[in-house]
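For reference, the structure is listed below as structure tokens.
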Amino acid sequence: MPRPISARIHLDAVRHNLQLVKRTAPSSRVWSVIKANAYGHGIERIYPALASADGIALLDLDEAVRVREFGWTKPVLLLEGVFEPDDVETADRHRLTVTVHCDEQLALLNAARPRERIDIQLKMNSGMNRLGFRPGDFERAFRRASDIEAIGSIGLMSHFANADDGAIDWQIDEFDAATRHLSGTRSLSNSAAVLWHPRAHRDWVRPGTILYGASPTGCARHIEGCGLRAAMTLSSRIIGVQTLQPGETIGYGRTFTADRAMTIGVVACGYADGYPRHAPTGTPVAVDGVRTRIVGRVSMDMLTVDLTPCPSAGIGSSVELWGEQIRVDEVAEPAGSIGYELMCALARRVPVSIGADIPNKTEAHIA
Ligand SMILES: *Cc1c(COP(=O)(O)O)cnc(C)c1O
């Protein structure tokens, strides 16, 4: 028998979250963002749940080609665009929409002779200061793009620096002012803006993390009551039990000392599975459906949990590390991280199965 750790992917949860996006931004079309191997869930696995999306957005050219090979005929957007002439050829062959964020990418397209014109999303740097043309330069870039033979339709996009804490109006204002005289679809909203900033919804929204049921802020509390469902459950079992006397410690570094007699469960899950090593004592976990906490330091293959609230638990008891009961962000936040990072960092050694639609179908993790 393999180690009792596994991840389950719930396609019904992804479908549900996508419908929730569509209800929240009813006038917008949806780019489903599946970069980073669908935020760690596996593009192949997630794909069947995306049928009602209007487009798929990702970064990696190979992933984009795979999506075409699955039979996706609607738009596919490369969020960072192309890097070299070969990429333009691939974009042409597979009818990919490319982000264009700099003059070098315009030059690549200007030099290309694609069979069909390539649709682009012209990206503005409205304040994030990562990718994009500055507002004062945007109209010039738009005119230049319009003159390039290889370019088809031009959509206008930008990305928010802090859609999560409310202060995004200044970026919207920059964008609106700089695009006032330009035609084309608008696309601004990541997950946070989908949930909390209707003013930013426009023609296309680009949700990623909420499709997987994680919080755009990294704080589980912020999505309470939103109705989002967790797309991934990471679970394992208790493989050992220890009874501690007052004053005894647990694990490496002896970071936790029992102040009374207590029973500790040893769980087959460690940082080599993708559980954050920095998760401190107190990080929530569920044993046989009962919420408790991890205690002591997370090691490579194991972690330890306080069995006080679940006295009937023992070897073989089921443990939910994150999922529907324990939000991934509840684990991430005390470890100084965000749900995004934990989902993406699920280790290859964890077997992954598809939960809802194909029960009991276990397969190797597809990286
Ligand atoms: C990753 C990404 C998104 C999705 O972000 P979430 O916060 O996961 O919704 C949207 N737009 C761009 C340009 C991105 O890179």
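Data table
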read-out	value
Criterion: within 16 Å of the ligand (Cβ to nearest atom), more than 21 Å from the chain's Cα centre (by Cα), surrounded by 14 or more Cβ atoms within 10 Å (Cβ to Cβ) and not β-branched (Val, Ile, Thr) - qualifying residue of Ser126, Ser189	Ser126
Criterion (over 21 Å from Val33 (Cα atoms) and not acidic (Asp, Glu)) met by exactly one of Phe138, Phe83, Phe70	Phe138
Search result, residues across segment 142-166 that are of a type in the set (A, V, I, L, M, F, W, C) and within 16 Å of the ligand (Cβ to nearest atom)	Leu156, Met157, Phe160, Ala161, Ala163
Cross-chain or 6+ apart pairs with Cβ under 7 Å, segment 63-74 first and surrounded by 12 or more Cβ atoms within 10 Å (Cβ to Cβ) and in a helix (DSSP H, G or I), then among the polar types (S, T, N, Q) and at pLDDT 95 or above	Val65/Thr90
Top-ranked residue of segment 41-55 - restricted to ones that are in a loop (DSSP other than H, G, I, E, B), touching a residue at least 60 places away in the same chain (Cβ under 8 Å) and of a type outside the set (Asp, Glu), ranked as nearest to Thr209 (Cα to Cα)	His41
Test: Ala272 is within 22 Å of Gly336 (Cβ to Cβ), not charged (D, E, K, R) and not in a loop (DSSP other than H, G, I, E, B)	yes
Candidate set from segment 132-175 (those that are part of a helix (DSSP H, G or I) and among the hydrophobic types (A, V, I, L, M, F, W, C)); member that is nearest to Ser191 (Cα to Cα)	Ile172
Test: Gly208 is at positive phi and touching a helix residue (DSSP H, G or I) at 6+ places or on another chain (Cβ under 9 Å)	no
Segment 1-53 - residue that is within 25 Å of Gly270 (Cα to Cα) and of a type in the set (Gly, Ala, Ser) and, of those, nearest to the ligand (Cβ to nearest atom)	Ala36
Qualifying residue in segment 279-300 (condition: part of a helix (DSSP H, G or I) and crowded, with 22+ Cβ neighbours inside 10 Å)	no
Number of the condition not met by Val98 [criteria: (1) closer than 30 Å to Ile223 by Cβ; (2) within 22 Å of the chain's Cα centre (by Cα)]	(1)
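The values are calculated or read from the model by the stated rules, or taken from the named source; none is laboratory data. Quantities reported herein were computed from a predicted structural model and do not represent experimental measurements. Reconstructed Cβ throughout: ideal geometry from the backbone, glycine too, with neighbour counts over all protein chains shown.
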